[in-house]
Every structure is written in C-alpha cells, then in structure tokens.
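One structure below.
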Amino acid sequence: MRPALSNVLGSSSTRALLAKAVRASAATNQAAAASASFPHRLPTTMATHAATLRPASRAPSAGSRVCASTHARARVTATPRKLGWTRGVVTARAVEASESSAADAQSASGILPERLSWPARSHGAGTLRASDVGSSVTLCGWVDKQRDMGGLVFADVRDHTGLCQIVSDDEITPEDATRSMAQMRAEWVVAVRGVVRERKDTNAKIATGDVEIVVTEVTVLNTVGKSLPFSVSGGDADDISEEVRLKNRVLDLRRPVMTRNLRLRADTIKALRGVLENEHDFVEIETPILTRSTPEGARDYLVPSRLQAGQCYALPQSPQLFKQMLMVSGLDRYYQVARCFRDEDLRADRQPEFTQLDLEMAFTDMEGILQIGEDLMCAAFKGGIDVDLPRPFKRMTYADAMERYGSDKPDTRYGLEMSTLNDLLKDTAFKLFSGALDSPDGVVKALAVPDGAQISNSRLKPKGDVFAEAVKGGAGGLAFVRVGEDGVTLEGGKALCEALQPVAADVVRRVEGAGPGALLLFGVGDAATTNKALDRVRQFLARALGLVPHHDGSGPGSHPAGSDGSDTTKHAVLWITEFPMFEKNVEEDRLEALHHPFTAPNQDDVANGGDVRTARAVAYDLVYNGVEVGGGSLRIYRRDVQEKVFEAIGLSTAEAEEKFGYLMEAFQFGAPPHGGMAFGLDRLVMLLAGASSIRDVIAFPKTASAQCLLTRAPGSVSDAQLRDLHVRRAEEAATEGDEA
Ligand code: ASP
C-alpha cells in the first residue's frame, strides 16, 4: 500500500528525501517498540508512515523515547507543500497504512481520549459570524482540511451547518492542543474549544469567512481507520464515479452538498405538512406496506407469505385504494408521506421505491384540489428555496399540450412549439407526407427554429445529432426546409420544397416562430410516434440553442434558488387537465387507464349515454419546467360507474371482484364524492436542489439496476428461508420436473 506514495512524489530530490525518511523510520519503529513505558503507542504502521515523512535530520536516534504525538507532529511539519503532494492524497495514504491490522486501526486510538467524554457543542461551525467575535465556543465535527505552517496550524472544522477555520496561536493555544491540531487529518472527528476572533485575511467564499477560532483545547474523538475513497471537502460529485459514491454513501452524504440536499428535503416536507395540517385540516394516516396489488399499472414487488403458503403480498405502488376507503370512512382529509414501490425500468428520475406526498379529500370538486395543490407547490418553493411561484398556475388541456408540445409535460420556458399541418397538406404531392396522411392516425407536424442558420444541414442529415434525436424518439428520419428571406420561398430538398411551396405562406403563418430565415422541421407518421420524436427534437434543440437554464444556474434562466421567483421563464408551472380516460395499448390491442381506473370520467362526456371509452377524465397533472411533479383526479365513487370502467379496460366482473372487490363493497356503504392527488417528493426536491438525479436527494437510493451498493441488496437468501416461504428456486423446480 505504501508504495503508492511514490506515485505522488514528483522529482528525484523528493524521492531522495523520502528514502532518507524511510531509513529514519526504521529507527523510529524500534524506538517506539522498545519503549515499554510508552502509554499510547501509535499503531506501528502509522508510526512507520509518520516517520516516513519526517526529514532524516529530525529522526530520533534509536532507543530514544518518542511519544506518538511527537511522531505525528514531525510528520506534519515535514509535509511541505513544495513536495507537490496534495494534502488529501497524503492523508489517504497515511490512513491506508493503518488498515493492515484491525488492532492497529483501533488504536489509532493512541491519540484518542481514554474516557468517552467531550465538551458539549455550543455553536454550529457554519453559524459563526463577526458578531460572535470574543465569544468562547465549542465546535464538534470533522476536520475538513488542515494546514501546518510550521508550528502555526490551521484547520477547518465542518459540521452539518458549514465550516469554520480554527487556528493555533502560540500565545493562547496550549502546546498539547497545537500538537493535536498538527496531528489532525481529514475526516478525523474532533471537539474544539476556543475563542472567536476576526480573521485577518477574510474568505468571502464561506459564510464564516470573517472569523476564525483561536483554539484553547482539542479533543480528538476519532480518527479515520480506512483509506478515504474520495475527498469529502473536495465536494464535486462530477469527479467521483456514482458507483464509488453509492458504495461509500456514508461518506458521500457527509459531503456538504448532499447534507444540504437531505436538509432541503426535510425542510420541504415540513413546509408541506404545515400547509396540510395547519391550513387545511388534513390528518396524517399510514397505510399498509404489505398489501395486495394496487392499481398504478407497473409491475409489483411481491413478498411471499410464510403463513399463507403460495400467497404473496404486493408492496403498494401507491396508497390509492386505501386513501379512497378512508374517505368512505369519513376521515374527510387524509395525507401521508408515502413510500411507493414499482418494479419498473429505472431512469435518473425513477427509483424502485420512491416517496410521494399523497392526499385525498371528500366532498370536493377539482378546483378545491387544484387550489390545495398550488398552496403545496408554493409552500415547497418558499420553504425549500425561498422562491415565490407566480399564482394562479397556468392551465393547459392535454389536447393542447400534445398539439403544441407533443408532450403532456411540456417545458414552457421556451417556444419551439409545433403545429399539425394535416389540413394544409391533405393534397400534397410529397409521397412521405401523403402516405402518412392516408392512414387514419397519420399526422404531419412541424416546428420552427426562428434563427435557423444556427443549425447546419449536416446536423439534420443522417449522421447529424439532431437527426439522431429524431430517430431515438422513434422517427424514421427528419424532413426539413428553410424559409427564405422573403418569408415564403422554401429552400432545401427539391421534391419537398416543390410540394410544399403552394402552401408555404400558410405553413409559415401557422407554425410558431416560422418566418424569414427559419428552419422548419417535420415529424411524420402516427400521432403518438410523431409527437414523441418531435418532443425529443424540441428538447434537444432547446438545450443545444441554450434556451434552457442549466442545473448549475448558467444559461438564460437560472437555478430557481438564485432567482426572485417572479419570472415565469424560470419557473414554468402549469396544470395539464382533461386527460383522456384511456389510451390504447397497441401491443395488447386494448384500452388502458391513462391515470388509473379509479379516475372519474368527465360528466359532460358520459351524460346521456356518452361512451366512457372516449371520455375525458377529471384528471390533472402538475408540471414544473417540463417535469411532472404531481397528479391526481376526482374519483369514481359509485359501483355502477366503476364497473363500466373496469369493463372498458377489459377486466371481467370476476377479475374486478377478485382484485378490487373490497373497494367496490366500500362504495356500497355510502361513499362520498372525493378526489386527490400525489406529489412525487423525490422529483420535487431534486428540482428544488437543482440536482440532476433523484438519487442525489434520497439518502440511500438504488442503482439503475435496482441494487443498493451500500448494503448490497438484493442479496441471496438461504434455502431454509425460501422453504419457510414455500418458494423453490427455478433450477430446483426444473430439476424436479425432469426427474418426475
Ligand atoms: N395514485 C396516484 C399516483 O400514485 C395519485 C393520485 O391519483 O392521487 O400517481
């Protein structure tokens, strides 16, 4: 392990110095080992290492009595910056050396107090300000960085509130405290007493940059017994692979940005609870985790029952049916910070288990729920990041969103809207378009990049990046033309231009942003695929053209935390309403509920014998900057209506009874009208934090392959456990099958 040091040593002169120091270390070891009366012997490996870094001239002679702290001090004073070592690297090596024996690691304790006691914390490290100058304070936390300037030792002590510089001062700091400071290494746990004074060289980068603490007492509460996989204080997650972060999650969460995220999460939840409990009289009720399959339409996580052989519990995909039953029970207003489980393929904003703020209200119309939804969203932004969202939130129907953005969660911070051109192109001579329009579901849509010259032709052709996005979105290709300076003449592929020219003026008028110099991009095919492809192209172009704010706050907008909250180009919040009740599952050729099958149909659409299968639902989603953060609906509360919906999705009466009979029965006990919604808490906090993955706002998340790298779940289980659960391994079952 130690040879790694050579990797950080640059010049031959530094190597020579090291060689000398290694020779000295042998003597030091003998001395330490020979010292019978030495009370807190440093672990040999550490002592060796410490001595390794001592200049030979200062090495004690063999047989001399050396105390551990002298070693460590000598080590530190001999760790000159000019050797080109980064402090983190040296520290990591030093600690690594102590891994070789568990006993040794334990007794890094040479430095530790024998009694488990320490002075009580008086202040958070990050809370000290100029107004505290003169106060005696005690900080408890971790060593963030330590710098020994040859007797004058600086360190930063970090806790959950931030960090503050501590310093030794010959006139005030007792010698043993200076020694302890000299020994400190990154991530050691310390309690430090001292007096706050003004800093000569203020540091505007940190909140405590005006002050420092002159140390009067140091207690090292713990050292680090293992090589640090990354620097906690370094802080930039981009430099650390996510795998390493997730494996070492304990340390990862200690990074200030992660601590902040988890605190932001807690603050957000606190703000949301406040709205529900204090302003709207909601009551928090827990619902079961071991339950039956719930209706959100994803794959279930199953838990085999020991007591009921061959039966399984399902983990809830949401508390949907329980919250509806609570309304029948007369609880009136329910909420829960609910854990939900869906065994789906994962993405950056999906986890197999996630948390939602789930709520339900009786005797409400849609308006009542939307108002509470807005209260909650505003409280989350205000409480979480002090942003005032503009109210009332905008609304857009599903049909409108699909037409203009090709998506039911459009990011409306920028334009690039699309338009359907079917009516203008119905007689077109361009085969690709006419072929698509011959099919009942066929569409031709276009979107315009106003300053089209920004996107070159090569990016739009088969090897180009824009083309590639269209294909990833499911399109076969990407047709395009450019609008000439006169605003009507089309330029581009001959056949397409000729075919389009007769309707060019109408197309230019119809498509938002089209005009002289614009680039027109076309999506062609069935509506679903065309929307998906153009939506993808739209989002890609917006990023490529710098129309969307970046997570780091650059770009034309900014990270919400930095804004004043009044600018809708930074905070585009909108309700999407009037979803269809069902969508077609093309593979299985059947209807599926777009939300879930407990969503009420729009009364205007089903009154007078209207067909529920083509009805709109009284459902709504809440979208923030192109991310769906919540959704819900008014519910069906009558058995007869519920049966019709089950029938529409192809659930037989027997199946419906078997799966959801208990809810149908509840409806017969006097169910009130009711409705509700759920916020995806992880996503919401991710947006507030400006993070790009929900894993950054979940303490212990899973990877994209649904594993926890920290605990190594899922793990194997013993045959006996499986037997208890009446479960056989597939291989076993197959072998038995062969034998039979
Ligand atoms: N149960 C729904 C979901 O989890 C939310 C709702 O309809 O209240 O998405």
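Please tell me if Asp238 is under 25 Å from Val337 (Cβ atoms) and outside any strand (DSSP E or B).
On the way: under 25 Å from Val337 (Cβ atoms): no; outside any strand (DSSP E or B): yes.
Spelling it out, it is not the case that Asp238 is under 25 Å from Val337 (Cβ atoms) and outside any strand (DSSP E or B).
Here Asp386 does not qualify as at positive phi and either of a type in the set (Val, Ile, Thr) or crowded, with 16+ Cβ neighbours inside 10 Å (or both). Of all residues assigned to the range 631-641, none qualifies as being farther than 16 Å from Lys323 by Cβ, assigned to a helix (DSSP H, G or I) and within 16 Å of the ligand (Cβ to nearest atom).
Using the structure shown, decide if Gly650 is touching a Lys or Arg at 6+ places or on another chain (Cβ under 8 Å) and within 16 Å of the ligand (Cβ to nearest atom). It would help to see each step written out before you state the result.
Details: touching a Lys or Arg at 6+ places or on another chain (Cβ under 8 Å): yes; within 16 Å of the ligand (Cβ to nearest atom): no.
Answer is no for this residue.
With the requirement that a residue be within 12 Å of the ligand (Cβ to nearest atom), part of a helix (DSSP H, G or I) and in contact (Cβ under 8 Å) with a residue 40 or more places away in the chain, what does the range 312-335 give you?
First pass over the range 312-335, keeping only residues within 12 Å of the ligand (Cβ to nearest atom): 316-324, 327, 334-335.
With part of a helix (DSSP H, G or I) added as a condition, the list becomes 320-324, 327.
Once the filter is applied, which keeps residues that are within 12 Å of the ligand (Cβ to nearest atom), part of a helix (DSSP H, G or I) and in contact (Cβ under 8 Å) with a residue 40 or more places away in the chain, the range 312-335 yields Gln320, Leu321, Lys323, Gln324, Met327.
Criterion first (within 16 Å of the ligand (Cβ to nearest atom), closer than 30 Å to Gly442 by Cα and not small (Gly, Ala, Ser)) does Asp408 satisfy it? If you could, list the steps in order and put the result at the bottom.
Numbers: within 16 Å of the ligand (Cβ to nearest atom): yes; closer than 30 Å to Gly442 by Cα: yes; not small (Gly, Ala, Ser): yes.
Yes; evaluated as a whole, the condition is true for this residue.
If you check Val214, Val190 for being aliphatic (A, V, I, L, M), surrounded by 19 or more Cβ atoms within 10 Å (Cβ to Cβ) and within 16 Å of Thr138 (Cα to Cα), only one passes: Val190.
Conditions (1) surrounded by fewer than 17 Cβ atoms within 10 Å (Cβ to Cβ); (2) closer than 28 Å to Leu725 by Cβ; (3) of a type outside the set (Ser, Thr, Tyr); (4) in contact with a Leu (Cβ under 9 Å, 6 or more places away or on another chain), marked per residue:
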site	(1), (2), (3), (4)
Gly310	yes, yes, yes, no
Leu315	no, yes, yes, yes
Met327	no, no, yes, no
Val337	yes, no, yes, yes
Glu344	yes, yes, yes, no
Asp358	no, no, yes, no
Thr364	no, no, no, yes
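If you go through the range 673-694 and keep only what is within 16 Å of the ligand (Cβ to nearest atom) and more than 19 Å from Ala379 (Cα to Cα), you end up with Pro673, His674, Gly675, Ile694. I'd like to verify a number: residues in the range 284-311 that are at positive phi and within 12 Å of the ligand (Cβ to nearest atom), how many? Of the residues in the range 284-311, 1 are at positive phi and within 12 Å of the ligand (Cβ to nearest atom). The selection criterion, being without any contact (Cβ under 8 Å) to a residue 40 or more places away in the chain, in contact with an Asp or Glu (Cβ under 8 Å, 6 or more places away or on another chain) and within 14 Å of the ligand (Cβ to nearest atom), does not hold for Ala656. If you go through the range 352-369 and keep only what is assigned to a loop (DSSP other than H, G, I, E, B), more than 14 Å from the ligand (Cβ to nearest atom) and not aromatic (Phe, Trp, Tyr), you end up with Pro352, Asp365.
I'd like the full set of residues that are surrounded by fewer than 17 Cβ atoms within 10 Å (Cβ to Cβ) and in contact (Cβ under 8 Å) with a residue 60 or more places away in the chain, limited to the range 694-707.
Taking the range 694-707 as the starting set, the residues that turn out to be surrounded by fewer than 17 Cβ atoms within 10 Å (Cβ to Cβ) are 699-700, 703-707.
Scanning the range 694-707 gives Ala699, Phe700, Thr703, Ala704, Ser705, Ala706.
Could you say whether any residue in the range 695-703 is within 16 Å of the ligand (Cβ to nearest atom), out of contact with any strand residue (DSSP E or B) (no Cβ under 7 Å at 6 or more places or on another chain) and not charged (D, E, K, R)? So far as the range 695-703 goes, no, none of its residues is within 16 Å of the ligand (Cβ to nearest atom), out of contact with any strand residue (DSSP E or B) (no Cβ under 7 Å at 6 or more places or on another chain) and not charged (D, E, K, R). Note on the range 439-554: enclosed helices (runs of 4 or more DSSP H) holding 2 or more residues that are crowded, with 20+ Cβ neighbours inside 10 Å and either of a type outside the set (Asp, Glu) or on the phi < 0 side of the Ramachandran plot (or both) are 465-472, 494-500, 504-510, 527-544.
The requirement of being within 30 Å of Ser241 (Cβ to Cβ), surrounded by fewer than 19 Cβ atoms within 10 Å (Cβ to Cβ) and of a type in the set (Gly, Ala, Ser) is fulfilled somewhere in the range 672-692, by at least one residue.
Would you say Arg260 is in contact (Cβ under 8 Å) with a residue 40 or more places away in the chain and either of a type in the set (A, V, I, L, M, F, W, C) or more than 30 Å from Leu163 (Cβ to Cβ) (or both)?
Details: in contact (Cβ under 8 Å) with a residue 40 or more places away in the chain: yes; either of a type in the set (A, V, I, L, M, F, W, C) or more than 30 Å from Leu163 (Cβ to Cβ) (or both): no.
No, not satisfied.
Residues that are free of Cβ contacts under 8 Å to residues at least 24 places away in the same chain and either buried (at least 21 other Cβ atoms within 10 Å of the Cβ) or farther than 13 Å from Val641 by Cα (or both) within the range 590-604 comprise just one, Asp604.
If you go through the range 116-163 and pick out every residue that is outside any loop (DSSP other than H, G, I, E, B), out of contact with any Ser or Thr (no Cβ under 6 Å at 6 or more places or on another chain) and basic (Lys, Arg), you end up with 2. In the set (1) touching a Lys or Arg at 6+ places or on another chain (Cβ under 6 Å); (2) modelled with pLDDT under 95; (3) not basic (Lys, Arg), the condition left unmet by Leu346 is number (1). The single condition from (1) surrounded by fewer than 18 Cβ atoms within 10 Å (Cβ to Cβ); (2) touching a Leu at 6+ places or on another chain (Cβ under 9 Å); (3) modelled with pLDDT under 95; (4) not basic (Lys, Arg) that Pro560 fails is (1).
Only residues that are small (Gly, Ala, Ser) and either in a loop (DSSP other than H, G, I, E, B) or without any contact (Cβ under 8 Å) to a residue 60 or more places away in the chain (or both): list them for the range 659-693, please. Within the range 659-693, Gly661, Gly670, Ala671, Gly690, Ala691, Ser692, Ser693 meet the criteria.
For the structure I just gave you, tell me whether Leu389 is away from the ligand (no atom under 16 Å from the Cβ), in contact (Cβ under 8 Å) with a residue 12 or more places away in the chain and under 30 Å from Glu498 (Cβ atoms). Answer is no for this residue.
The values are calculated or read from the model by the stated rules, or taken from the named source; none is laboratory data. No experiment lies behind these values; they were computed from the predicted model shown. Here Cβ is always computed from backbone atoms with ideal geometry, including for glycine, and neighbour counts include all displayed protein chains.
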